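Quick one: structure below, then a few questions.
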Amino acid sequence: MIGVVERLNSSAEIQEVFPLIAGTPHAVSLRRGERQLLRGWSPYIRLQPTVITGGGAPTTSLAPPARPSLPAARNPRSSSGWLCLWQYADGHWEPRSLADGSPATWDRYTRHRGPSTPPVTPDTVWALQTGGANRAPACTILPSRTEMTVAPLSAALKGPLEVRPVADSGYTLLEALRTGRLHAALAIASGWRRTPAGLGGRPSLFDVAVGYGLCRRGEVDGARQWLRAVPAERVTGEGMADVLAIRIWLALRTQDRSDSHGVLEQLAESRTLPMASEGLHILSAAMRLLAQDRRSEGPDSWRWLKHYLNSSAHTALTTYTAQSPDQPSRAPARRLPPPHEESMRFKLAPAVDGAHIDWQPARALQQRMVAAQAWREPDALGTHHSPAAFTLIICHREPEWLWHFARQLMTRTDIRPVLFRDTHTLELRLTARDIEDMERELNAIRDHVSDGRMTLSISRAEYDIEGGLAGQLEDRLPGIHLGHGDDA
């Protein structure tokens, strides 16, 4: 669900509010000659109000309004930036490579798409940090199993950025709550099947958004039922801080101040933040209410949460300015270099719809590729001077993943050297002793070859000389084709 549509009659009375589901038409029945207005809202696209008439041509969608091209002088320059992935586990935040664990996370050919969130890991929380240009670095708590992208929060390309799902029902619902569209939020939440915790008791972004919607509407019984659907033993990891926030809201609504204290202390112990900024609003309100009770002592979580609340941004997902996820600050240092050597770089450039994103290989990848070129010189150790050798050419359409694979080869095998022709092409000089290692590594990534993201080949001239050796590798990889590349 990417939005909602209101159907109004000629007296401007709302007749129906229904979710706008991408690619799914919604039938509207009208008497012949009756005219009504379809008015849509979506956090992803702007929609042109449409008048429909009963008995006329069917209307299947609301069209985006036409927009003139942006003046060339409005945003005369592009804006660079970087993204760094962080993982919270065992009480610590650590930067992680955007290539590790999920090597095919980036689609550098599609402007508006970004990284897929890392795989779900028990008791693990992920954050994505944005920085670059003169903007303050900011961290966003990530939902799992959701493809993410970044978008400018204003027309200024060098201003703050928002990390948001490409298309997600939970994000749409949270945006409706954030902007005060409660009737829209109710229509979106109607699709909830009351089956949260699809993966081991871990609520999805849509699940927690439904829970926050119940809090906004003051539905105490509904919030109780929502909490019963989440296994009580799940107290850490993704989404659990949101569960605790909803528990605090329920405790305060039922005048149970002691339970509020206990949940705040539990949250302080876990040192994790809600995925949704709605959770931060609940925590902030709870702290103000509890502070009015002179008999209570402020729990440690008050001091811990204070800086996060003060540095949070007005976005649907929890976002706050910070040097690193555990260092929130209203005024962090600007122009920081990427915290991790394999942080992802990008550029924002003016476009008709505001801005488009061009993803770029990490600087660390470019540096290592330059270093790898040194291996083109004669091998000082003489390890590959054997005449019984051939060059395996590996092409992959994702440069970051190709470097990840090359690094794994250098780490886990004795295959040397590793050469890059360009960002998409890797050359390996293989001898008979390397065949078994290469078979194992390629079998581990068989899907990358079979779905066309990776191609394997050797030059025709080398195949004529060492075809038997190359054939050994081909025989060990049933279903994987070893083609003949150009001699150039």
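Any residue at all in the stretch 459-478 that's within 16 Å of I394 (Cα to Cα), under 33 Å from the mean Cα position of the chain (by Cα) and open to solvent by less than 40 Å² (accessible area, probe 1.4 Å)?
no
Can you go through D437, D422 and tell me which one is open to solvent by less than 80 Å² (accessible area, probe 1.4 Å) and modelled with pLDDT under 80? Give the derivation first.
Details: D437 fails: modelled with pLDDT under 80.
Exactly one residue qualifies, and that residue is D422.
Answer yes if at least one residue in the stretch 155-167 is touching a helix residue (DSSP H, G or I) at 6+ places or on another chain (Cβ under 9 Å), at pLDDT 80 or above and open to solvent by 30 Å² or more (accessible area, probe 1.4 Å), and no otherwise.
yes
Looking at the stretch 149-173 only, could you name the residues that are farther than 22 Å from W192 by Cβ and either of a type in the set (K, R) or assigned to a strand (DSSP E or B) (or both)?
Correct list: T149, V150, A151, P152, K158, L161, E162, V163.
I'd like the full set of residues that are closer than 25 Å to T411 by Cβ and of a type in the set (S, T, N, Q), limited to the stretch 432-488.
Selection gives N443, S450, T455, S457, Q472.
Now a separate question. Consider R376 carefully, then state whether it is open to solvent by 10 Å² or more (accessible area, probe 1.4 Å), at pLDDT 70 or above and not hydroxyl-bearing (S, T, Y). Steps first, answer last, please.
Numbers: open to solvent by 10 Å² or more (accessible area, probe 1.4 Å): yes; at pLDDT 70 or above: no; not hydroxyl-bearing (S, T, Y): yes.
No: the conditions fail for R376.
Please specify each residue of the stretch 251-264 satisfying the condition of being open to solvent by 20 Å² or more (accessible area, probe 1.4 Å) and modelled with pLDDT of 80 or more.
In the first step, residues of the stretch 251-264 are kept if they are open to solvent by 20 Å² or more (accessible area, probe 1.4 Å); the result is 252-259, 261-262.
Once the filter is applied, which keeps residues that are open to solvent by 20 Å² or more (accessible area, probe 1.4 Å) and modelled with pLDDT of 80 or more, the stretch 251-264 yields L252, R253, T254, Q255.
The values are calculated or read from the model by the stated rules, or taken from the named source; none is laboratory data. On a predicted model such as this, the values are computed, not experimentally measured, just so you know. So basically every Cβ, Gly included, is an ideal-geometry build from the backbone, and we count neighbours across all protein chains shown. SASA here: full protein model, heavy atoms, side chains in, ligands and nucleic acids out. Shrake-Rupley method; radii C 1.70, N 1.55, O 1.52, S 1.80 Å.
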